[in-house]
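Nothing in this text is a laboratory measurement; each read-out follows from the coordinates by a stated rule. On a predicted model such as this, the values are computed, not experimentally measured, just so you know. Because the Cβ atoms are built from the backbone with ideal geometry, glycine has one as well, and the counts that use them run over all protein chains shown.
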Amino acid sequence: MKDRMSMKNRINLDDTDRKIVSYLQKNPAITHSKIAEHLELSQPAIGARIKKLTKRGIIATQIGINFQKIPELHLVRLNLKTTRPADVIELSEFCPFVINALKSTGDYNMTLFLASRNLKHIDSVIDRHYRSKSYVSNLQMDLVTSMNKPVIFPLNLKMESVVDTDDPCAHNPYCRNDRAEAGKRTPEEI
């Protein structure tokens with residue numbers, strides 16, 4: 001009950017907060033002064049509200065790549081069915097080609113987003129990390145071909161260092177080194 005109340009308090013936004021969030025979503029570079037002007041409030045009042053919304057976790061800033069602006073970068077959605085979603089998430093955590101791994105409901109209980117300039121690299125990563133696992137039974141790979149709004153994803157730029165190889169996993173020291181530094185299992189152990 002206490003968790004439910006704290007969640008309600010965290011999400012509860014007044015009309016001014018909703019308008020601030022709306023302005024920031026439409027234009028993340030908008031100044032506090034410009035929002036204040038629109039809402040007929042002082043700039044310090046807007047700044048205080050934005051700070052409070054940020055502290056509460058209601059708004060956040062994430063730097064990433066706008067996939068609409070880089071057409072040579074392929075974005076792939078991979079849906080898969082697995083009996084071990086935690087292991088799929090662990091496999092995905094350090095792979096520079098995997099942008100995110102989401103656990104969901106439905107027949108396909110995981111959705112992953114992957115990116116690369118070379119679709120063969122994505123296919124190689126999928127073969128090595130997912131198709132080869134006994135606990136992954138179904139896969140569906142879709143190439144994102146267009147989007148109506150900017151899609152901003154954080155992208156591990158280390159993947160660009162292996163773009164000229166046929167097998168990015170075999171020639172990519174980053175995944176293994178990052179896993180070792182974090183004390184995580186290798187993909188073969190997962």
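Observations on the structure shown:
- GNM top mover of 49, 131, 179 - the chain, alpha-carbon springs below 10 Å: 49
- The mean sequence separation of alpha-carbon pairs under 8 Å and at least six residues apart, normalised by the residue count of segment 28-165, gives a relative contact order of 30 percent.
- Cα long-axis angle, helix 43-55 against the chain (0 to 90 degrees, to the nearest 10): 40
- Each peptide in 115-127, 98-110 gets a packing score, the mean of other Cβ atoms within 10 Å over its residues, and the list from highest to lowest is 115-127, 98-110.
- Distance violations [Cα-Cα > 30 Å] among 26/133; 52/81; 103/149: 26/133; 52/81
- About the centre of its Cα atoms, the chain shows a dipole size close to 900 debye [charges on the beta carbon of Lys, Arg (+1) and Asp, Glu (-1) only; nearest 20 debye].
- GNM top mover of 111, 61, 83 - the chain, alpha-carbon springs below 10 Å: 61
- Tilt relative to the chain, helix 173-182 - C-alpha long axis, 0 to 90 degrees, to 10: 70
- Largest-first ellipsoid semi-axes for the chain, taking √(5λ) over the Cα gyration tensor eigenvalues, angstrom: 38, 21, 16
- For the chain, modelled as a GNM whose springs connect Cα atoms under 10 angstrom apart, the maximal fluctuation among 39, 91, 139 occurs at 39.
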